[in-house]
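Visitor: Right, I'll just put the structure down here and ask away after.
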Amino acid sequence: MSQYRAIRGMVDVLPDETPLWQMLEQTARDVLVAHGYAEIRTPIVESMELFTRSIGEETDIVEKEMYSFPDRNDESLSLRPEGTASTVRAAVQHNLIQSPQRFWYLGPMFRYERPQKGRQRQFHQLGVETFGVAGPEQDAELLLMCRQWWTRLGINDVLTLELNTIGSPEARSCFKAALTDYLRDQFNSLDEDSQRRLDTNPLRILDSKSATTQAVLDGAPTMTEYLDDESQRHHDRLCQLLDMAGLAYTINPRLVRGLDYYNKTVFEWTTDKLGAQATVCGGGRYDMMVSKFGGKATPASGFAAGLERLVLLMQTLDIDAISVPDLYIVSSDNNAFGQAMLEADRIRCEFPGLGVVQHLGGGSFKSQFKRADKSGAAWVMVFGAEEMVSGKVTLKPLRANEQQMTLSREELDTFLSQLEQLVNEY
Ligand code: ATP
Ligand code: MG
């Protein structure tokens, strides 16, 4: 075995899994394009301050999960732990949010966490950020778009939408004070993490995984009591739109999300099929962030989905994708190989929808056919001594219940164009 191994928590996606990833990504692109979203690609490395300021000093990400380092010029840089900060930075820097915008991105994110199933140190997110629409119709569009994606992937039935509103910053700070007072009285019943958070980030206690802490929270004040009228109206209208669309949700008053920058709507899509790593997608509104980054105050709302967890979920449901060639070309000798190579080249040119693999490295017909079979190809195309003389080619089906055929070049083209049509429809 090689002495080098991938870094802990950073995973190789091998060729037998990449077709599923490609299907996941292509489906997302189709859905996003259909909704008028445009892709944005930002650098993986940003200044550390970008994240500490936007995500918040007292969050798990900034406190213990960031990959940060000084560069050779002693600037503090970080590998991005999420995509929202970079997108907002880019949008402000390039003056993109003078009018409403719908953006998406896809790429690796980095967090120093304890690796386990569905939790890695390099993982991938598909994120969406929208700017310029303050109303709940934008939040509704995001959620309906998620549902379209889940449906096309075949996982809609195993996902639940959890929804909450965390109100305006002012309402939230009143609630925070009341919650802190209440929890301080029960300090000794809280788990250690929550005791520590009481002073730094008390709202995070709401989604503590500790059963005793959750029991204490049963009697705690709720955000609903402190919600401002505008946030309440926003929330009610969002629920109304979701009801109209037949999109089921559960209100989870303890859903707060890990990052500091949210207001009003927050949501998570969860599943009971993945154990502890149950959330596949989370998001919400972050109306204050653009101005915090020096832009003109602009409402914003978005989400990020974890691709590893979506892949795991599809695998759990036996949803798979494969990538196989349509034609595998074998040849008997050097002379036939040359002919076959030219023919393969021509076919790829004239029938770009077909996957055409030519056998390399010679060998007997028997061994070449073995490789053809292993490739999963539907047809083998044979260039043998006979074919060299007749100018025809022989096609043998490997999968389909069809006859072997020997075709002239003209007949071959008719066959290939039918095959291409079939492949395109599929
Ligand atoms: P969790 O509570 O599971 O740590 P989070 O609240 O930190 O999630 P977000 O920052 O909201 O996650 O990221 C959005 C999505 O990205 C998550 O719902 C999850 O699907 C995925 N994700 C987050 N961290 C990881 C990770 N370390 N490995 C794999 N996927 C992740
Ligand atoms: Mg996390």
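Visitor: Across region 251-301, which residue is most open to solvent (accessible area, probe 1.4 Å) among those that are part of a loop (DSSP other than H, G, I, E, B), more than 24 Å from Arg53 (Cα to Cα) and not polar (S, T, N, Q)? Walk me through it before giving the result.
Guide: Quick first cut of region 251-301, residues part of a loop (DSSP other than H, G, I, E, B) only: 252-262, 271-278, 286-288, 293-299.
From what's left, more than 24 Å from Arg53 (Cα to Cα): 252-254, 271-278.
Cutting the leftovers down to not polar (S, T, N, Q) gives us 253-254, 272-276, 278.
Values: Pro253: 71, Arg254: 62, Asp272: 130, Lys273: 88, Leu274: 10, Gly275: 55, Ala276: 80, Ala278: 26 Å².
By that ranking, first place goes to Asp272.
Visitor: OK, next. Among Asp287, Asp260, Asp193, Asp207, which is the only one that is farther than 29 Å from Thr87 by Cα and of a type outside the set (S, T, N, Q)? Let's see the steps before the verdict.
Guide: Working: Asp287 fails: farther than 29 Å from Thr87 by Cα; Asp260 fails: farther than 29 Å from Thr87 by Cα; Asp207 fails: farther than 29 Å from Thr87 by Cα.
Every option except Asp193 fails the conditions.
Visitor: Only one of (1) more than 16 Å from ligand 1 (Cβ to nearest atom); (2) modelled with pLDDT under 90 is not met by Tyr182, so which one is it?
Guide: Among (1) more than 16 Å from ligand 1 (Cβ to nearest atom); (2) modelled with pLDDT under 90, Tyr182 violates only (2).
Visitor: Against the definition (farther than 30 Å from Ile97 by Cα, at pLDDT 95 or above and open to solvent by less than 10 Å² (accessible area, probe 1.4 Å)), how does Leu307 come out, yes or no?
Guide: no
Visitor: Something else about it: Any residue at all in region 46-53 that is touching a helix residue (DSSP H, G or I) at 6+ places or on another chain (Cβ under 7 Å), polar (S, T, N, Q), assigned by TED's automatic domain parsing to the domain that holds Thr151 and closer than 24 Å to Leu96 by Cβ?
Guide: The answer is yes, given that some residue of region 46-53 is touching a helix residue (DSSP H, G or I) at 6+ places or on another chain (Cβ under 7 Å), polar (S, T, N, Q), assigned by TED's automatic domain parsing to the domain that holds Thr151 and closer than 24 Å to Leu96 by Cβ.
Visitor: Of all residues in region 60-91, which are among the hydroxyl-bearing types (Ser, Thr, Tyr) and either in contact with a Lys or Arg (Cβ under 9 Å, 6 or more places away or on another chain) or open to solvent by 80 Å² or more (accessible area, probe 1.4 Å) (or both)? Please lay out each step first, then the result.
Guide: Of all residues in region 60-91, those among the hydroxyl-bearing types (Ser, Thr, Tyr) come to 67-68, 76, 78, 84, 86-87.
Scanning region 60-91 gives Tyr67, Ser86.
Visitor: For Ser173, are the conditions met, namely being open to solvent by 60 Å² or more (accessible area, probe 1.4 Å) and in a helix (DSSP H, G or I)?
Guide: Values: open to solvent by 60 Å² or more (accessible area, probe 1.4 Å): yes; in a helix (DSSP H, G or I): yes.
Judged against the criteria, Ser173 is a match.
Visitor: Okay, moving on. If I go through region 54-91 residue by residue, how many of them are in contact with a Leu (Cβ under 8 Å, 6 or more places away or on another chain) and either outside the structural domain of Arg114 (by TED's automatic domain parsing) or away from ligand 1 (no atom under 14 Å from the Cβ) (or both)?
Guide: Count: 7.
Visitor: Condition test on Ala297, is it touching a helix residue (DSSP H, G or I) at 6+ places or on another chain (Cβ under 9 Å), within 16 Å of ligand 2 (Cβ to nearest atom) and among the aliphatic types (A, V, I, L, M)?
Guide: On the way: touching a helix residue (DSSP H, G or I) at 6+ places or on another chain (Cβ under 9 Å): yes; within 16 Å of ligand 2 (Cβ to nearest atom): no; among the aliphatic types (A, V, I, L, M): yes.
Here the answer is no, as Ala297 does not meet what is asked.
Visitor: Can you tell me which residue is nearest to Arg197 (Cα to Cα) among those in region 1-59 that are charged (D, E, K, R) and open to solvent by 90 Å² or more (accessible area, probe 1.4 Å)? Even if it seems obvious, please write down each step before you answer.
Guide: Within region 1-59, the first condition is being charged (D, E, K, R), and the residues that meet it are 5, 8, 12, 16-17, 25, 29-30, 39, 41, 46, 49, 53, 57-58.
Applying the additional criterion that residues be open to solvent by 90 Å² or more (accessible area, probe 1.4 Å) yields 5, 8, 12, 16, 41, 49, 53, 57.
On the way: Arg5: 37, Arg8: 28, Asp12: 35, Asp16: 43, Arg41: 35, Glu49: 22, Arg53: 19, Glu57: 12 Å.
This residue is Glu57.
Visitor: Quick check on Ala321: is it open to solvent by 10 Å² or more (accessible area, probe 1.4 Å) and either more than 16 Å from ligand 1 (Cβ to nearest atom) or modelled with pLDDT of 95 or more (or both)?
Guide: On the way: open to solvent by 10 Å² or more (accessible area, probe 1.4 Å): yes; either more than 16 Å from ligand 1 (Cβ to nearest atom) or modelled with pLDDT of 95 or more (or both): yes.
It is true that Ala321 is open to solvent by 10 Å² or more (accessible area, probe 1.4 Å) and either more than 16 Å from ligand 1 (Cβ to nearest atom) or modelled with pLDDT of 95 or more (or both).
Visitor: Still on this structure, I have one more. Within the bounds of region 185-205, is there any residue that is assigned to a helix (DSSP H, G or I) and touching an Asp or Glu at 6+ places or on another chain (Cβ under 6 Å)?
Guide: yes
Visitor: Inspect region 92-108 for any residue being within 16 Å of ligand 2 (Cβ to nearest atom), at pLDDT 95 or above, assigned by TED's automatic domain parsing to the domain that holds Val31 and surrounded by fewer than 22 Cβ atoms within 10 Å (Cβ to Cβ) and give the result as yes or no.
Guide: Taking region 92-108 as the starting set, the residues that turn out to be within 16 Å of ligand 2 (Cβ to nearest atom) are 108.
If we keep only those that are at pLDDT 95 or above as well, we get 108.
Checking which are assigned by TED's automatic domain parsing to the domain that holds Val31 leaves us with 108.
Within this subset, residues satisfying the condition of being surrounded by fewer than 22 Cβ atoms within 10 Å (Cβ to Cβ) are 108.
Yes; the residues of region 92-108 include at least one that is within 16 Å of ligand 2 (Cβ to nearest atom), at pLDDT 95 or above, assigned by TED's automatic domain parsing to the domain that holds Val31 and surrounded by fewer than 22 Cβ atoms within 10 Å (Cβ to Cβ).
Visitor: Here is a follow-up. All but one of (1) touching a strand residue (DSSP E or B) at 6+ places or on another chain (Cβ under 8 Å); (2) over 18 Å from Cys239 (Cα atoms) hold for Leu142, so report the exception by its number.
Guide: Against the list (1) touching a strand residue (DSSP E or B) at 6+ places or on another chain (Cβ under 8 Å); (2) over 18 Å from Cys239 (Cα atoms), Leu142 comes up short only on (2).
Visitor: Need a quick list: helices (runs of 4 or more DSSP H) entirely within region 312-403 having at least 2 residues that are over 40 Å from the mean Cα position of the chain (by Cα) and aliphatic (A, V, I, L, M). Before you say what the answer is, go through the steps one by one.
Guide: On the way: elements: 334-350, 365-375, 385-390.
Because the criterion is at least 2 residues that are over 40 Å from the mean Cα position of the chain (by Cα) and aliphatic (A, V, I, L, M), the helices (runs of 4 or more DSSP H) in region 312-403 that meet it are 334-350, 385-390.
Visitor: Right, another one. Regarding Leu159, is this residue farther than 25 Å from Val62 by Cα and buried (at least 17 other Cβ atoms within 10 Å of the Cβ)?
Guide: Spelling it out, Leu159 is indeed farther than 25 Å from Val62 by Cα and buried (at least 17 other Cβ atoms within 10 Å of the Cβ).
The values are calculated or read from the model by the stated rules, or taken from the named source; none is laboratory data. It should be emphasised that the depicted structure is a prediction, and the values quoted were computed from it without experimental measurement. Note that we place each Cβ from the backbone using ideal geometry, even for glycine, and neighbour counts take in every protein chain shown. Surface areas here come from the heavy atoms of the whole protein model, side chains and all, with no ligands, DNA or RNA. Shrake-Rupley method; radii C 1.70, N 1.55, O 1.52, S 1.80 Å.
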